[in-house]
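Colleague: I'd like to ask you about the structure that follows.
Where a number appears in this text, it was derived from the coordinates with a stated rule and is not lab data. Because the structure is predicted, anything quoted here is derived from the model rather than measured. Positions of Cβ are generated from backbone atoms using ideal geometry, with glycine treated the same way; all protein chains shown enter the neighbour counts.
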Amino acid sequence: MHLAKLHAPSQIQLNEHGNLKHFVTIEGLSKDTLNKILDTAETFINDNNQLITSPLLEGRTVMNLFFENSTRTRTTFEAAAKRLSANVLNIDIARSSTAKGETLRDTLWNLQAMAADIFVVRHSSSGAAHFIAKDVCPNVAIINAGDGQHAHPTQAMLDMLTIRRETKKPFEELSIAIIGDIKHSRVARSDVAALQTLGCKDIRVIAPNTLLPYGFSEYAEGVRLFNQMDEGVKDCDVIITLRIQNERIESPALASQLEFHKMYGLNEARLALAKPDCIVMHPGPMNRGVEITSSIADGAQSVILNQVTNGIAVRMAVLALSMNGQLQAQGLLDATSVV
Ligand code: ASP
């Protein structure tokens, strides 16, 4: 599959005033839009680094539609919606009529008739969120919670928020390496797009050629590729490790997980080659002893659990901003000035 063809045009994601409506992919969004998401997320974290609650989405209904497994993303979307005082419905897809042969479109139109304001959608097919965003009523917003190996825009934004809060440096000054299964990772694709848009000048990808996507040079313009860990992590400010997406790998891309660990696992010796204050990230779920050793995952440089908390703030921001046009039209508060 050629992923460059799946990029949703920015028009579908923005309303007539150029504000975020649907959040399907990072591609096509401006630096200002990404910074607005980050700035809004920051307003939901107080000076003691705690998440706040807000009445902003009182009376709104957020429906979580997860056609694929998830722990962190589904739960943090639910936590985010509840912190904004929205009603939250988690639709049990395995027990829904989709399992009886109903089309995705019919399922959605029925749920829409139950007064949904926002659908948070995860689907195993790349392009599913884009397809749905084109088809829903104008007052309903679609937020992509991961579609196949295409995009995971809220993960990218929580990664950006974590980088911004932890390094306290502008993106332009950072050296950031993403390691592992780039080919099957929607996180890698969305992270690279967000880093490019936010102005990061030193984006590195460290992977064996078997775990790089077709057309890599096209989607990752300006990104440096390394096949060796030592060279790739040297003097980095941020290292993002990734799981091998075994569920999406049809033929063996690796000799074994042990070999992957030997060649590409992040261990103490390799981390020592990065800057002394380099932070280590992982979107989860982690496979300890494969892409990352336990001592690093639980070590002082790990910000993996901060990513989870920041995920709630970012998802609050995206939920609020996607309703912002409607809130303003009703004379309610602007999401960005709530707190
Ligand atoms: N949780 C992330 C995702 O949904 C990363 C992963 O599954 O490896 O894409």
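Colleague: His22: net charge of surrounding residues, Cβ under 12 Å, Lys/Arg +1, Asp/Glu -1, itself excluded?
Modeller: That sum, taken over residues with Cβ under 12 Å, equals +1.
Colleague: How many angstrom lie between the C-alpha centres of region 30-107 and region 113-180?
Modeller: Cα centres, region 30-107 to region 113-180: 11 Å.
Colleague: Still on this structure: Viscosity 1.002 mPa s, temperature 20 °C: give me the Stokes-Einstein translational D for region 1-109 in µm²/s, with Rh taken as the Kirkwood radius over C-alpha pairs.
Modeller: The diffusion coefficient I find is 129 µm²/s.
Colleague: Here's a follow-up. Any idea what the dipole of the chain comes to, in debye rounded to 20, about its Cα centre with Lys/Arg Cβ at +1 and Asp/Glu Cβ at -1?
Modeller: Details: 32 positive and 36 negative charges, 74 e Å.
Here the size comes out at about 360 debye.
Colleague: Here's a follow-up. Just from its helices, what would the mean residue ellipticity at 222 nm be for the chain, if runs of 4 or more DSSP H residues each count -39500 (n - 2.57) and the sum is divided by every residue, rounded to the nearest 500 deg cm²/dmol?
Modeller: So the helix-based figure for the chain works out to -10500 deg cm²/dmol.
Colleague: Let me ask you something else. If Lys and Arg each add +1 and Asp and Glu each add -1, what is the summed charge of the other residues whose beta carbon sits under 10 Å from the beta carbon of Thr293? Please report the intermediate quantities before stating the final value.
Modeller: Numbers: positive: Arg270, Arg288; negative: Glu268, Glu291, Asp298.
In short, -1.
Colleague: How high is the relative contact order of region 131-269, in percent, with contacts defined as C-alpha pairs under 8 Å that are six or more residues apart? Spell out each step's value before the answer.
Modeller: On the way: 190 pairs, mean separation 34.7, N = 139.
After rounding, I find 25 percent.
Colleague: What is the local net charge at Val88, summed over the other residues whose Cβ is closer than 12 Å to its Cβ (Lys, Arg +1; Asp, Glu -1)?
Modeller: +3
Colleague: Quick one: length gained pulling Met286 to Asn15 fully straight, 0.36 nm per residue minus the C-alpha distance?
Modeller: 93.9 nm
Colleague: I would also like to ask the following. Quick one: work out the % antiparallel among DSSP beta bridges in the chain, nearest 5.
Modeller: Details: 3 of 37 bridges.
So the antiparallel bridges amount to about 10 percent of the total.
Colleague: Among Ile52, Val62, Gly101, which residue has its Cα furthest toward the positive end of the charge dipole of region 21-131, with +1 on Lys/Arg Cβ and -1 on Asp/Glu Cβ?
Modeller: Among Ile52, Val62, Gly101, the one farthest towards the positive end of the dipole of region 21-131 is Gly101.
Colleague: Also, I was wondering about something else. If each residue of separation counts as 0.36 nm, what is the full-extension length gain between Ser124 and Ala99 once their alpha-carbon separation is subtracted?
Modeller: Values: separation 25, 0.36 × 25 = 9.00 nm, distance 1.48 nm.
Result for the pair: 7.5 nm of gain on full extension.
Colleague: Same structure again: Count the lysine pairs in the chain whose Cα atoms sit under 18 Å apart, keeping only pairs 8 or more residues apart in sequence or on different chains.
Modeller: Taking the Cα cut-off of 18 Å, the pair count is 18.
Colleague: Which log10 I(q)/I(0) values, to two decimals, does the chain give at q = 0.09, 0.12, 0.14 Å⁻¹ under the Debye formula with one point per Cα?
Modeller: For the requested q values the scattering log ratios are -0.46, -0.82, -1.11.
Colleague: A further question on this structure: Using mean Cβ contacts within 10 Å as the protection proxy, how do 55-62, 295-302 order, highest first?
Modeller: 55-62, 295-302
Colleague: Only sites in a loop by DSSP and with at most 16 other Cβ atoms within 10 Å count here; which GluC sites (Glu not before Pro) in region 136-223 make the cut?
Modeller: When the GluC sites (Glu not before Pro) of region 136-223 are filtered for loop state and at most 16 Cβ neighbours within 10 Å, Glu221 remain.
Colleague: Still on this structure, I have one more. Of the listed peptides 132-143, 267-278, 303-314, what is their order by residue-averaged count of other C-beta atoms within 10 Å, with the highest listed first?
Modeller: Ranked from most to least packed, the peptides come out as 303-314, 132-143, 267-278.
Colleague: Please list, in order along region 103-115, the HN-Hα scalar couplings obtained from phi with the Karplus expression 6.51 cos²θ - 1.76 cosθ + 1.60 (θ = phi - 60°), rounded to whole Hz, x for Gly and Pro.
Modeller: 6, 4, 4, 5, 4, 5, 5, 5, 5, 4, 5, 9, 6
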